[in-house]
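Visitor: Quick one: the structure is below, and I'll ask about it shortly.
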Amino acid sequence: MIRRRLRPLRPDPRPGGLLTLVLLGAWMVLLVAAPGALADVFTPESDSGSPNAEGIDTLYKIVFALGIVVFLGVEIALAYTLIKYRMKRRSPAPAQIRGNTPLEIGWTAAAAGLLVIIATVMFVMLGDIKNPVSSAPGGLPLGSAVTQFASTDQPAPPSGKSLEIEVNGQQYLWRYDYPGEERLFSYHDLVVPFDTTVTLKITSQDVVHSWWIPDLGGKMDAMPGHENETWFRIPSPADGKERSFLGECAELCGEGHADHYTRVRALPPAQYEAWAARQAEAIREAQEQLAESRRAREAAEPTSTEIGGGEGS
Amino acid sequence: MHGSERRPTGWLSWLGTTDHKKIGIMYLVSTFVFFLIGGVQALVMRLQLAQADNTLVDPQTYNGLVSMHGTTMIFLFVVPVFAGFANYLVPLMLGARDMAFPRLNALSFWLLLFGGIAFYVSVFFQPPTAGWTSYTPLSDDAYLPEGGIDAWIILIHLTGLSSIVGAVNFIATIHNMRAPGMGWGRMPLFVWTILGYSYLIVLALPAIAAAVTMLLTDRHFGTAFFDPTAGGDPMLWQHLFWFFGHPEVYIMILPAFGIISEIFPVFARKPIFGYKAIAASTVAIAFYGMLVWAHHMFTTPQPTVVLAIFAISSFVVAVPTGVKIFNWLATLWRGTIVFKTPLYFAAGLISMFVIGGISGVILAVFPVDWQLHDTYFVVAHIHYVLFGGSVFGIFAGIYYWFPKITGRMLSEGLGKLSFWTMLVGFNLTFLIQHSMGLSGMPRRIYRYPETGGWEGWNLISTIGSFLLGIGVMITVYNIVVSLRKGQRAGNDPWKANTLEWFTQSPPPVNNFDVVPRVRSVEPMRDIRNEVQKTGKPAGSVAQPVA
């Protein structure tokens, strides 16, 4: 009777359940075919050695490993079930099971337990990622203590000192303002000394951007009217030579979004100071030249002062 | 018996219809057309990204494609296609003769269609270019004065109204029009998910309706809700948008869960495992889904305690989702599994959605999100959820219910070919995108340099996307051919459990001449067993004299 009822639904000669195999196969193909650094296939960037980037990398690996266990568990259980219990010629009528309360409570608790573990690991590691460390020995000697801001509650480093940079996102460039007596800023490139804790105060003057150098840890949105914060500290490499890290705006900001790049150049502290002096000098000279040319223009066309008055103010 | 009134024919009969089945078919067909349009947009983007520094499209065209693709797939395909399934099936599954408010039902379809048309008209002047999220201030008139954003606002209003009107209708129908004997504990699981879908729509969509109205007045009438130069705040937009936007994700996945919850017991020849747990987890997902919105904003300037709260609520919502997966596996376990195309797509949903679920938990760990937010890792994640989850569920539903809707079977051979092509194409396209994101490739960039090492991965992804497109077209071909040449289905080709299989295929205008009395979660199975036992016709055993 049962067999007759099921006749139109014949067992399939090519049973499914090869999903896992297909997936693993696809991975293998990708691994072989993928160019570039294979190390980055599975984990985020952290080549700089900045403690926050390394913290994120470690946290990711822990969560990813747990995720792989769940992934394999579900895929293998699914594939096994589909293959083992596919309809065969002599399949008996299946037992009509409607549930199993202890089992269901068990796997609900197991899922919850796993997430409690992930949450715990996250909170244990959060401090190392979120809170700036002090500069390492050999970093740039810093004079003034940093101020603390309320918006994202990023604390000051334990030493109370950091190189604090004001980051301003604009369509489509990044401006960096450095601390100190003299006026010092740069566009596109942020220049920093090795082994020195750099804290960033990030904002935008037009639309929302997102400041991100993948090798230096997480991104933070640059939002007009708000101040966002992050930090990094690039260790000095063995050869002591300049290192640079490229990044790209991560929030759609308009037509030039794909070309909204920025770069962090890290130098030995002495070279950083030399660069800072040169840059400040160049800025001063440029300002003087500007003033000079204005004076020259005003001298040549005295009436233009009146007309251009609104412009200049 | 239902011949007393002449059935209207011709295309005019579609314009004025209030029949839930005709409206359902119009929903399904028009949303599927939007799906194909959105798919073509995706393929153009993939072509552009196949090579480093490609010049196929210019940046604003690319941003337009990004915005049109996302908006189309979400507002004109995934959300309304489930309204289409629900329109066709909820009254049939409940044993009702139509929806509670048939004319309101027609209104919600036409609002949707004209919302879509109003949006697509913008292609002829300037499509929106601020993404489907239209973040302010970029979407303010100071930066994008063109009409595209306004077309997008009109689309949000019309499709939003369509969804809310439809949701109210579903809620009224489900609460009031169940067949005699169908208590809450005997309602089909698909109907449970449509109930969750409808309540989420009613709760979440007003937030975005308010937000886009404020954006409209910011753009044209001098207000400054989101303008930081005049005291407004772009954070307000993001909060309002995601207060809608995250429930929207569950609006788009719950009905797919419902579809496969109907399919597994039928093709495993075994009742659903843990009916109550699945129904309860639907309610739990809908509830907690309202409380996780700021996990889209982990990189905005907010205190850590806010991030922590939203990370925890995101973990919590993963639990009922996991429970569903375990219950589906247990339903298949020790069953007699019949390998028909609906089962392939339903099993495909589990195996793909679990990847999206896991990457979702990874992204909920907010320090990790600081790295991965707005990268291709997130693109991969949403596609494992919305394609691997929702679209595989939609295709499972198409193969499962096509015989009921048209009276003809789809080709099994083409169906399986379509499934395998889509599965392989899908994974080729999106699995590698996790790695692209991990190695630092942001979303929504129209080009990337040769030096990043992303070119090979992008090429693989592009090849995969075309394979995926071919897989979809095989199903389109299958549908077109089977409409005329498919094998006759009969009332109940799958030996299914729910009431839509009790009536003819396609069902008559009044759905049921006899409304069956429901005695379990599987009323149709009860009727089949009774017919076998007593030898009487189905109509007379369905409603025995009490």
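The values are calculated or read from the model by the stated rules, or taken from the named source; none is laboratory data. These numbers come from a predicted model, not from an experiment. With ideal geometry, Cβ positions are generated from the backbone for all residues, glycine too; neighbour counts draw on all protein chains shown. All accessible areas refer to the heavy atoms of the entire protein, side chains included, with ligands and DNA or RNA removed. Shrake-Rupley method; radii C 1.70, N 1.55, O 1.52, S 1.80 Å.
Visitor: Given contacts defined as C-alpha pairs under 8 Å and at least six residues apart, what's the relative contact order of the stretch B:388-546, whole-number percent?
Guide: Across the stretch B:388-546, relative contact order equals 29 percent.
Visitor: Could you work out, residue by residue across A:122-133, how many beta carbons of other chains sit within 10 Å of that residue's beta carbon, and then give the average as an integer?
Guide: Across the residues of A:122-133, the mean count of other-chain Cβ atoms within 10 Å is 3.
Visitor: Another question about this same structure. Could you list which residues have their amide H under 5 Å from that of A:Glu229, counting only those 5 or more apart in sequence or on another chain, with H placed in the peptide plane?
Guide: A:Ile202
Visitor: Provide the per residue accessible area, probe 1.4 Å, for the stretch A:163-292, rounded to a whole number of square angstrom.
Guide: 37 Å²
Visitor: List every residue whose amide H lies under 5 Å from the amide H of B:Ile337, counting only residues 5 or more places away in sequence or on a different chain, with H placed 1.01 Å from N in the peptide plane.
Guide: A:Arg86, A:Met87
Visitor: Ignoring ligands, DNA and RNA, how much accessible area is buried between chains A and B, both sides summed, with a 1.4 Å probe, to the nearest 100 Å²?
Guide: Buried area between the two chains comes out at roughly 8900 Å².
Visitor: Now for a different question. Take every Cα pair under 8 Å in chain B that's 6+ residues apart, average their separations, divide by the length, and report that relative contact order as a whole percent.
Guide: Dividing the mean separation by the residue count of chain B yields 17 percent.
Visitor: Another one. Report, in debye and to the nearest 20, how large the dipole of the protein assembly as shown comes out about its Cα centre when Lys and Arg carry +1 and Asp and Glu carry -1 on their Cβ.
Guide: 7240 debye
Visitor: Expressed as a whole number of Å, what is the distance separating the alpha-carbon centroids of the stretch A:93-127 and the stretch B:218-254?
Guide: 35 Å
Visitor: Right, another one. Using a cut-off of 10 Å between beta-carbons, work out the net charge of the residues near A:Tyr172 (Lys and Arg +1, Asp and Glu -1, A:Tyr172 not included).
Guide: Around A:Tyr172, the surrounding residues sum to -3.
Visitor: I'd like the distance separating the alpha-carbon centroids of the stretch A:238-286 and the stretch B:271-301, in whole Å.
Guide: If we compute the Cα centre of each part, the gap is 44 Å.
Visitor: Using θ = phi - 60° and the Karplus form 6.51 cos²θ - 1.76 cosθ + 1.60, what ³J(HN,Hα) does each residue of the stretch B:429-434 get, whole Hz, x for Gly and Pro?
Guide: Karplus-based 3J(HN,Hα) across the stretch B:429-434 equals 5, 9, 4, 5, 5, 4 Hz.
Visitor: Let me confirm one metric for peptide B:205-217, namely the mean number of other chain beta-carbon atoms within 10 Å of its residues' beta-carbons.
Guide: The mean count of partner-chain Cβ atoms within 10 Å per residue comes to 0.
Visitor: Please report the base-10 log of the normalised intensity I(q)/I(0) for the stretch A:163-292, using a Debye sum with one equal scatterer per alpha carbon and no solvent, at each q in 0.09, 0.11, 0.18 (1/Å).
Guide: The Debye formula, applied to the Cα set alone, gives -0.26, -0.39, -0.99.
Visitor: Note down the nm distance, to one decimal, between modelled labels 7 Å out along Cα→Cβ at A:Tyr261 and at A:Gln289.
Guide: 2.5 nm
Visitor: Quick one: of the DSSP bridges fully inside the protein assembly as shown, what percent are antiparallel, nearest 5?
Guide: Percentage antiparallel, nearest 5: 65.
Visitor: Please give the net charge around A:Ala277, taking every other residue with its beta carbon less than 13 angstrom from that of A:Ala277, where Lys and Arg add +1 and Asp and Glu add -1.
Guide: Combined, the nearby Lys, Arg, Asp and Glu give -2.
Visitor: For the stretch B:292-300, just list the computed ³J(HN,Hα) in residue order, Karplus coefficients 6.51, -1.76 and 1.60, θ = phi - 60°, integers in Hz, with x standing in for Gly and Pro.
Guide: Per residue, the Karplus-derived 3J(HN,Hα) values read 10, 4, 6, 6, 8, 10, 5, 9, 7 Hz.
Visitor: Where a Cα-Cα gap under 21 Å defines reach, which lysines qualify for B:Lys276, not counting those fewer than 8 residues away within the same chain?
Guide: Here the lysines satisfying the reach criterion relative to B:Lys276 are B:Lys324.
Visitor: Roughly how many Å is it from the Cα centre of the stretch B:344-417 to that of the stretch B:66-145, as a whole number?
Guide: 20 Å
Visitor: So the label point goes 7 Å from the Cα of B:Phe125 along Cα→C-beta, right? Which residues of the stretch B:137-163 then have their backbone N under 20 Å from it?
Guide: B:138-159
Visitor: OK, next. Summarise the long-distance tail of P(r) for the protein assembly as shown by giving the % of C-alpha pairs beyond 47 Å.
Guide: The calculated P(r) of the protein assembly as shown puts 27 percent of pairs beyond 47 Å.
Visitor: Sum -39500 (n - 2.57) across every DSSP H segment of at least 4 residues in chain B, then divide by the residue count to get the 222 nm mean residue ellipticity, nearest 500.
Guide: -22500 deg cm²/dmol
Visitor: If you roll a 1.4 Å probe over the stretch B:21-542 with all protein chains in place, what percent of the accessible area is carbon or sulfur?
Guide: Carbon and sulfur atoms account for 69 percent of the accessible area of the stretch B:21-542.
Visitor: Within chain B, what's the longest run with no chymotrypsin sites (Phe, Trp or Tyr not before Pro) in a DSSP loop and at most 16 other beta-carbon atoms within 10 Å? Give the range, please.
Guide: B:222-546
Visitor: Determine the sum of side-chain charges near B:Ser67: Lys and Arg each +1, Asp and Glu each -1, restricted to other residues whose C-beta is under 15 angstrom from that of B:Ser67.
Guide: -3
Visitor: While we're looking at this one, here's another question. Considering every residue in B:347-356, what mean count of other chain Cβ atoms within 10 Å of its Cβ is obtained?
Guide: Across the residues of B:347-356, the mean count of other-chain Cβ atoms within 10 Å is 4.
Visitor: Now, a different point. Considering only protein heavy atoms and a probe of 1.4 Å, how much of the accessible area of the stretch A:163-292 is carbon and sulfur, as a whole percent?
Guide: About 46 percent, which is the carbon plus sulfur part of the accessible surface.
Visitor: Past 24 Å, Cα to Cα, is the threshold; run A:Lys88/B:Lys416; B:Lys340/B:Lys404; A:Lys88/B:Lys485; B:Lys416/B:Lys485; A:Lys84/B:Lys485; A:Lys161/A:Lys219 against it and keep the listed order.
Guide: Exceeds cut-off: A:Lys88/B:Lys485; A:Lys84/B:Lys485.
Visitor: Given N residues in the stretch B:21-542, what is its alpha carbon radius of gyration divided by 2.2 N^0.38 Å?
Guide: Output field value: 0.97.
Visitor: For chain B, with only Lys/Arg (+1) and Asp/Glu (-1) charged at the beta-carbon, what is the dipole magnitude about the Cα centre, in debye rounded to 20?
Guide: In debye, rounded to 20, chain B gives about 2700.
Visitor: How many Å² of accessible area per residue for chain B, probe 1.4 Å?
Guide: 32 Å²
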